Amino acid sequence: MMQRTVFRRAALLAQQAALESSLPTKNMIMMLRLDRCMSSVSIPPPACMLRPLEAPFRYLFGPGPSNVPPRVLAAGGRPIIGHLHPEMYEIMNDIKKGIQYAFQTENNMTISMSGSGHAAMECAVFNTVEPGESVLVAINGIWGERVAEIAERIGAKVHTMVKPPGGYFTNEEIEQAMAKHKPVLFFLTHGESSAGLCHPVDGIGDVCRKHNCLFLVDTVASLGAAPIFMDKQNIDILYTGSQKALNAPPGTAPISFNERACHKMFNRKTKPVSYLFDMTHLSNYWGCDGQPARLYHHTGPVSGFFALRESLAILAETGLEESWRHHKEVAAHLYKGLEDLGLKLFIKDKDLRLPSVTTFAIPDGYNWREMLTYIMKHHQMEMTGGLGPSVGLVIRVGLMGYNCQKTNADLALAALEDALKHCKKSKA
Ligand code: PMP
């Protein structure tokens, strides 16, 4: 018994020492093995857990996540504070102001989800739609498909307008569908990352108001890269993700609701299906409900919020207009280089191209998977094929946030040129 305690203590000390140095020593591994022989647990610690973490450097030139600036990584690495400490509330208040600037909104009901873009997508639908209500979804890529499925899962009557990837909807088409289906919510993707399309938004909010319908817009792939004005464009609910042009690690997702949206979601007959995403609780957690006390609801991702605050600070320092201009300029440099390589841009109309994610048609006779594997292997660079309905149609190159630099566009072009030379033409 005594001997066993000694072994345990030695193993613990070894563990602690290794934690401090981040590298397991030979002694530590021996001690752990000894400890394991004496242990009452039948499942041993996995060998992989006794090796240090390995995360290679990659050029993340796909549709996201994107590489993150050192200052944002450093912010995420700061010591944890309690999620209900006054300092954390201050940081959350700052985040709220940063999102209001990024969205161009004065909405009080502006928060960040503790979760990825999908969390914001579900939060928007779960809170504003009740079972049996009609929802209209514009599908011109994968994100509309996702929202249609989410709304279907909560028992909404889902109506879709469908165009092939790269297609877009006129305001007249949207109004016709709205008049026919009388939805309580209309969903549109601003930056369709699966096709590389930036959908026009002007005037749609007015159509929604005329038909007493809420306007929900996804800007996960476009925020910071292409202009969006939540208040001026009469968008009722807007969300984004942290990991693209916003420059933060994945895992947080800003979302904002205007008065019309709040009126609908706080006058429901039924409770939203999700406790975690229930805006009555989240609005209190974020200090948006006017109550004097902010109560425990869930433990927010403290490090993720530190990083998000820093990324919003970068956007505020840079300025939205400069960020949009810069993304457009770098994207134009990339378009020229792609065309010089003989590649065909997938979105023909320049004004409809999403500056953060560029798509080009898979060159004739090439196997896109082979090209992307080659680029990863020889250039440590991620580019991506299509997603959902655009699979097999396009290759996607994302240059956003920290990665949005002409030098990075040149690296991507050099990698593509190399892949075109070396990937033998074969049937895709
Ligand atoms: N919407 C769009 C336009 C996206 O590009 C993405 C992510 N690629 C999402 C939603 C989903 O975001 P997440 O992966 O962070 O859940």
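Values in this text are rule-based calculations from the coordinates and carry no lab data. Just so we're clear, the structure is a prediction, and the values are computed from it rather than from any experiment. Quick reminder, even Gly has a Cβ in these numbers, built from the backbone with ideal geometry, and neighbours come from all protein chains shown.
Among the residues of segment 282-310, which ones are buried (at least 17 other Cβ atoms within 10 Å of the Cβ), farther than 14 Å from residue 115 by Cα and small (Gly, Ala, Ser)?
The answer is 283, 287.
Starting from segment 132-159, take each residue that is more than 19 Å from residue 346 (Cβ to Cβ) and touching a residue at least 12 places away in the same chain (Cβ under 8 Å) and list its partners that are of a type in the set (Phe, Trp, Tyr) and within 13 Å of the ligand (Cβ to nearest atom), counting only C-beta distances under 7 angstrom and pairs at least six apart or across chains.
That search, which allows pairs on different chains as well, returns 137/187; 147/187.
Suppose we filter segment 352-392 for residues that are under 23 Å from the mean Cα position of the chain (by Cα), assigned to a helix (DSSP H, G or I) and more than 16 Å from the ligand (Cβ to nearest atom); how many remain?
Result for segment 352-392: 2.
Identify, please: which residue in segment 38-52 is out of contact with any Lys or Arg (no Cβ under 9 Å at 6 or more places or on another chain) and touching a residue at least 24 places away in the same chain (Cβ under 8 Å) and is, among those, farthest from residue 195 (Cα to Cα)?
50
Report yes if residue 249 is within 14 Å of the ligand (Cβ to nearest atom) and in a strand (DSSP E or B), otherwise no.
no
Counting only residues that are among the polar types (S, T, N, Q), crowded, with 23+ Cβ neighbours inside 10 Å and more than 17 Å from residue 197 (Cα to Cα), how many does segment 356-403 have?
1
Looking at 425, 421, which is the one that is out of contact with any Leu (no Cβ under 7 Å at 6 or more places or on another chain) and assigned to a loop (DSSP other than H, G, I, E, B)?
Matching residue, one of 425, 421: 425.
Mind telling me which of the residues 289, 236 ends up being under 19 Å from residue 186 (Cα atoms) and acidic (Asp, Glu)?
The unique qualifying residue is 236.
Consider only pairs whose beta carbons are under 7 Å apart and that are at least six residues apart or on different chains; among these, list those whose first residue lies in segment 220-239 and is more than 15 Å from the ligand (Cβ to nearest atom) and whose second residue is of a type in the set (Ser, Thr, Tyr).
230/105; 230/256; 231/105
Check segment 267-281 and report whether any residue there is on the phi > 0 side of the Ramachandran plot and buried (at least 22 other Cβ atoms within 10 Å of the Cβ).
no
From the residues in segment 73-95 that are aliphatic (A, V, I, L, M) and assigned to a helix (DSSP H, G or I), which one is surrounded by the most Cβ atoms within 10 Å (Cβ to Cβ)?
95
Is one or more of the residues making up segment 261-273 within 16 Å of the ligand (Cβ to nearest atom), closer than 30 Å to residue 320 by Cβ and among the charged types (D, E, K, R)?
Within segment 261-273, not a single residue is within 16 Å of the ligand (Cβ to nearest atom), closer than 30 Å to residue 320 by Cβ and among the charged types (D, E, K, R).
What are the pairs with Cβ atoms under 7 angstrom where one residue, in segment 70-99, is more than 19 Å from residue 317 (Cβ to Cβ) and the other, located anywhere, is of a type in the set (Ser, Thr, Tyr)? Sequence gap at least six, or different chains.
Close Cβ pairs (under 7 Å, with a partner that is of a type in the set (Ser, Thr, Tyr)) amount to 80/303; 83/299; 84/296.
Within segment 308-318, does at least one residue satisfy the condition of being assigned to a loop (DSSP other than H, G, I, E, B), over 16 Å from residue 84 (Cβ atoms) and not acidic (Asp, Glu)?
no
Pairs, please: C-beta under 8 Å, at least 6 apart or cross-chain, first residue in contact (Cβ under 8 Å) with a residue 40 or more places away in the chain and in segment 189-202, second of a type in the set (Phe, Trp, Tyr) and within 6 Å of the ligand (Cβ to nearest atom)?
189/143; 192/143; 193/143; 194/143
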